[in-house]
Amino acid sequence: EARYSLVDPHGQATKYGSVYGHTYQEAKEKRDRIIKEGPRLPSVADPSFSDVLLSWQSANQVRLKESSVSRYQILIDTHIIPELGHLQISQLTTPILNRFLSTKLNHGRLDGSGGLAASYVRSIALVISSAIKHGVSEGICAPLPTSITKPAQSKPEISVLNIDVQEKLEQELQHDITPDKLLIYITLYTGLRIGEACALRWDDIDLESKAIYVRQTVSRKWEINNGVKHSVLTIDTPKTKASLRCIPICSKLYTILKHFPYKRQHGFILA
């Protein structure tokens with residue numbers, strides 16, 4: 001981000017304007033061009049949607065977790081900017097955005113094999129709405145007259161193990177038990193999310209007080225290098241304070257943990 005003064009007819013600086021770029025040099029060149037040509041250029045009052053998105057990203061770098069920043073970056077780079085980034089903010093209307101989201105829902109896959117999942121399109125809509133609200137709060141764009149239409153969110157049916165299947169699973173887990181089998185057993189009796197279970201350390205298990213402390217989670221962060229999308233695993237604190245919790249260890253799980261042959265004092269259970 002690069003800032004410059006907006007000057008009134010009397011030569012007094014009344015407020016400041018901002019321009020954005022992917023690099024320091026790009027932002028500096030935009031600012032210098034505005035200062036040279038005059039701070040009241042129409043392009044300043046009517047930025048491109050790419051500029052608004054960059055401003056929104058810059059404002060959220062500290063507030064959001066790294067995994068969320070990475071996920072939103074993928075949405076912006078692969079779907080939003082290629083089709084909407086070139087538009088001036090004044091050209092961005094609710095019908096245009098609704099058609100864009102509808103197209104993504106029906107034909108949005110990058111490989112041309114069909115539409116994107118409704119939840120994925122909802123995330124795209126969330127980024128667009130949040131970016132425009134940010135632009136309104138910063139005084140660089142006007143609000144949309146009507147809200148955009150997000151795809152309906154459907155909750156998948158949860159499949160629960162019946163008693164017979166659970167007993168067969170436990171028999172298999174207890175036979176020649178390994179760290180990965182132990183982790184499955186822990187999730188079975190604690191309800192931990194897979195990211196929380198994979199981030200468990202031996203220090204998080206207190207056999208004396210019969211408790212497991214959930215302090216961190218493993219998440220998959222997506223990156224794009226040379227046009228190729230790939231993922232890396234990162235360890236961070238859970239998204240909400242409620243996810244930082246203490247879970248009691250039942251007697252059955254306690255017996256398994258107490259006699260687990262690979263137990264160590266430090267490090268990850270899966271290490």
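The values are calculated or read from the model by the stated rules, or taken from the named source; none is laboratory data. Quick caveat, the model's predicted, so the values are computed rather than measured. Note: ideal-geometry Cβ built from the backbone for every residue, glycine included; neighbour counts use all protein chains shown. For the accessible areas, the whole protein counts, side chains as well, though only heavy atoms, and no ligand, DNA or RNA atoms are used. Shrake-Rupley method; radii C 1.70, N 1.55, O 1.52, S 1.80 Å.
A crude spin-label estimate for the pair Leu233 and Gln153, with each label 7 Å from Cα along the Cβ direction, gives 2.8 nm.
Length gained on full extension, Lys252 to Tyr213: 12.3 nm, using 0.36 nm per residue less the C-alpha separation. Accessible area per residue for the range 151-255, computed on protein heavy atoms with a 1.4 Å probe, is 67 Å². Of all stretches in the chain that contain no GluC sites (Glu not before Pro) in a DSSP loop with at most 12 other Cβ atoms within 10 Å, the longest one is 1-156. Taking amide H atoms as placed 1.01 Å from N in the peptide plane, the amide H of Gly21 lies under 5 Å from those of Ala27, each 5 or more residues away in sequence or on another chain. The gain in end-to-end length when the Thr23 to Ser130 segment is fully stretched comes to 36.3 nm, 0.36 nm per residue minus the alpha carbon separation. Normalised by the number of residues in the chain, the average gap of Cα pairs under 8 Å and 6 or more apart makes the relative contact order 14 percent.
What part of the accessible area of the chain, given as a whole %, is carbon or sulfur when the probe is 1.4 angstrom? Accessible surface attributable to carbon and sulfur in the chain totals 53 percent. Its DSSP H runs of at least 4 residues, each contributing -39,500 (n - 2.57), put the calculated 222 nm mean residue ellipticity of the chain at -12500 deg cm²/dmol, to the nearest 500. Taking Cα atoms, how many degrees apart are the long axis of helix 179-190 and the longest axis of the chain, rounded to 10 and kept between 0 and 90? Taking the Cα atoms of the chain, the angle to 179-190 is about 80 degrees. Distance cut-off 31 Å, Cα to Cα: go down the list Lys168/Lys221; Lys65/Lys252; Lys30/Lys150; Lys168/Lys239; Lys133/Lys155 and report the pairs above it. Correct reply: Lys168/Lys221; Lys65/Lys252; Lys30/Lys150; Lys168/Lys239.
The mean accessible area for residues of the range 39-112, using a 1.4 Å probe and ignoring ligands and nucleic acids, is 50 Å² per residue. Simple spin-label estimate for Asn162 and Thr78 gives 3.9 nm between the two label positions (7 Å along the Cα-to-Cβ direction from each Cα). In the range 182-240, Cα pairs under 8 Å separated by at least six residues give a relative contact order of 25 percent.
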